[in-house]
Amino acid sequence: MKYNRRKFIGLSALGLPFLAAPKNFGHALYQPEITKENAPIVIATWDFGVAANAAAWKVLKEGGLALDAVEQGVRVPEADPTNPTVGIGGYPDRDGKVTLDACIMDHLGNCGSVAGLEHVVHAISVARKVMEKTPHVMLVGDGALQFAMEEGFKKENLLTAESEKEWKKWLKTAQYKPIINIENKAFAPKRLPGNKFNHDTIGMLALDANGNLSGACTTSGMAFKMHGRVGDSPIIGAGLYVDNEIGGATSTGVGEEVIRNVGSFLVVELMRQGYSPEEACKEAVMRIIRKKPETAKEIQVGFLALNKKGQYGAYAIQKGFSFAVCHTENQKLVVKGNSYYG
Ligand code: GLY
């Protein structure tokens, strides 16, 4: 029997439960009340999330869109040449090329993404243009650069003298081994040489005064990666996912493991089932650990989540994962996320 809508409705009306529409089909879902207690709010990965949140907060406090807030927020670390993991100054790939990955997602389920983008500092803004001006979700490499040029973005050299120096040091051994991303120097068993800190992606989630959620995620990816390697950060569902009925999630750490587990989508779906943001992040981390316990000992992955009620939480494989929260004027809270090896 060929499926058609009329037959579907007819059979459902006959009371055949296995053919009936899902419970919430056609009905408004529960929407929590938005008050000053829970919104606006913005959260972001790592200590550098504090400065990024401050830029996002300027948008949110004026009643602006969560989408504008997350874009403005993550542009801060993208523009910081001393940050070796995001935007200008990011460590290059093993061929000496700085390639950026970023994505953005709004409350309507629109999303845009770039991967392997060279020469443009604000990969997040190119990702937003992909979302708003093309029929596509993702542009990569030369195509992403061509599009950025057409949209009037400036072409720049993203390789700073400091990053070039570190790359040349790395070339002496050229050993490809992910390093555990960790914020607190005291915890760090291994750090990138000469580096003050060792973390990667900025992932940001915001709930605006109208109760709408958006998220953004941007990185230069794993230091000294193979040319052409793409991590989780520009992959919708892996590095970032937002569902305006439920919440949003983002990730940091070794992108390969996040992609394998469709991590951020998983966190949001677990919140849909009633998990708190931290419980959902923990279960996503546990999937990675259960599947590859030996690998998991050696790597970092952290998830950060925000639900529709403005509740947030995080969980990581390794200790030392931090995130920043801002929901009142001048608040700069940095929270240590819980972790499996804590
Ligand atoms: N999480 C960033 C990356 O793996 O590229």
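Using 0.36 nm per residue and subtracting the Cα-Cα separation, the extra length available between Glu37 and Ala174 on full extension is 44.3 nm.
Seen from Tyr341, the other residues with C-beta closer than 10 Å to its C-beta sum to a net charge of +2, counting Lys and Arg as +1 and Asp and Glu as -1. Full extension of the chain between Lys291 and Lys165 yields a length gain of 41.7 nm, computed as 0.36 nm times the residue separation minus the alpha carbon distance.
Global dimensions of the stretch 209-267 from alpha-carbon coordinates: Rg and Dmax equal 12.5, 43 Å. In the stretch 253-295, the convex hull through the Cα atoms has an average projected area of 2.8 nm², a quarter of its surface area. Convex hull volume of the Cα atoms of the stretch 68-109, normalised per residue: 66 Å³.
Computed over the stretch 31-172, the convex hull of the alpha-carbon atoms projects to a mean area of 9.8 nm². Only Lys, Arg, Asp and Glu carry charge here, each on its Cβ (+1 for the first two, -1 for the last two); on that basis the stretch 46-185 has a dipole of about 380 debye about its Cα centre. Ordering Gly239, Thr295, Val267 by the projection of their Cα atoms onto the charge dipole of the stretch 232-296, which places +1 on the Cβ of Lys and Arg and -1 on the Cβ of Asp and Glu, puts Thr295 at the extreme positive end.
Going down the list Lys97/Lys172; Lys97/Lys297; Lys129/Lys154; Lys58/Lys309; Lys129/Lys155; Lys61/Lys332, which pairs span over 19 Å between their C-alpha atoms? Going by Cα-Cα distance, Lys97/Lys297; Lys58/Lys309 fall outside the 19 Å limit. Spherically averaged projected area of the convex hull of Cα atoms, the stretch 251-325: 4.6 nm².
Values in this text are rule-based calculations from the coordinates and carry no lab data. Values in this document were obtained by computation on a predicted structure and should not be read as measured data. Glycine also receives a Cβ, built like all others from the backbone with ideal geometry; neighbour counts cover every protein chain displayed.
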